[in-house]
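Novice: Here you go, one structure.
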Amino acid sequence: MFQVITRSTPVIRLLAPRGAVLVEAVRGRKTRTDPKAKSKEGRIKTPPPVDPVEMVVLRERFTEYDLIMRALRLEFKEEMLRKRYEEEVGSLAEERAKQEAEEHRSLMTWNQEENLRMLKIRELRVQKEVEAAEVKKTEAAILREQAMESFVKEKGEEIMRIQEEAKSFINLENLDQRIEEALDNPKNYNFAIDKDGRVVKRTVLQCRLLQT
């Protein structure tokens, strides 16, 4: 069983039974398991009202204050570091600045030389590309010309062949002559062939002479 001791005196501690656990009461302090006080059962906690305009102004002022303090801290820190650097380095700072300036000057000179070299290489490459384009253009023109010449030559040969073939065409002038030649040299196209293409059977040619 728990026993609450209101006064912390050695006599009470000695007279308390050994099996009990002594718990000392603390005024003004409640445990988590204690119920809510009867006087505060119906109380509803409401936060204090906040003015929106005042909140915006305060937030802006706090942001401004934070920025100003941060800038001041950085300024003071930079000044402190600069003084410490000057104290530690001393006369080496000026010599180092001269060396850096000389190195910067030499690097700028090298950069200009490198730019000129790259410009010459670029101009040479562009010139080669232009020359190659001109060569390709000339070759294409030659190929087109050759193709046109071969086309004209082929068409001329075709015209000559057609003209030669036209000499054997049937017209009104040689119609009688061609008829007589056909009658004198009859041809029979009514025949049968085997798998090897040889003529195995031919019908008897029957010619009828038409007399007018």
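The values are calculated or read from the model by the stated rules, or taken from the named source; none is laboratory data. Values in this document were obtained by computation on a predicted structure and should not be read as measured data. In this analysis, Cβ positions are derived from the backbone assuming ideal geometry, glycine residues included, and neighbour counts consider all displayed protein chains. For the accessible areas, the whole protein counts, side chains as well, though only heavy atoms, and no ligand, DNA or RNA atoms are used. Shrake-Rupley method; radii C 1.70, N 1.55, O 1.52, S 1.80 Å.
Novice: So which of A133, A141, A97, A101 is without any contact (Cβ under 8 Å) to a residue 24 or more places away in the chain and under 38 Å from the mean Cα position of the chain (by Cα)?
Specialist: Working: A141 fails: under 38 Å from the mean Cα position of the chain (by Cα); A97 fails: under 38 Å from the mean Cα position of the chain (by Cα); A101 fails: under 38 Å from the mean Cα position of the chain (by Cα).
Matching residue, one of A133, A141, A97, A101: A133.
Novice: Restricted to region 146-190, and to residues that are of a type in the set (S, T, Y) and open to solvent by less than 100 Å² (accessible area, probe 1.4 Å), which residue is nearest to T203 (Cα to Cα)? Please lay out each step first, then the result.
Specialist: In the first step, residues of region 146-190 are kept if they are of a type in the set (S, T, Y); the result is 150, 168, 189.
Subset that is open to solvent by less than 100 Å² (accessible area, probe 1.4 Å): 150, 168.
On the way: S150: 50, S168: 30 Å.
Per the stated criteria, the residue is S168.
Novice: How many residues does region 194-212 hold that are modelled with pLDDT of 80 or more and open to solvent by 100 Å² or more (accessible area, probe 1.4 Å)?
Specialist: 3
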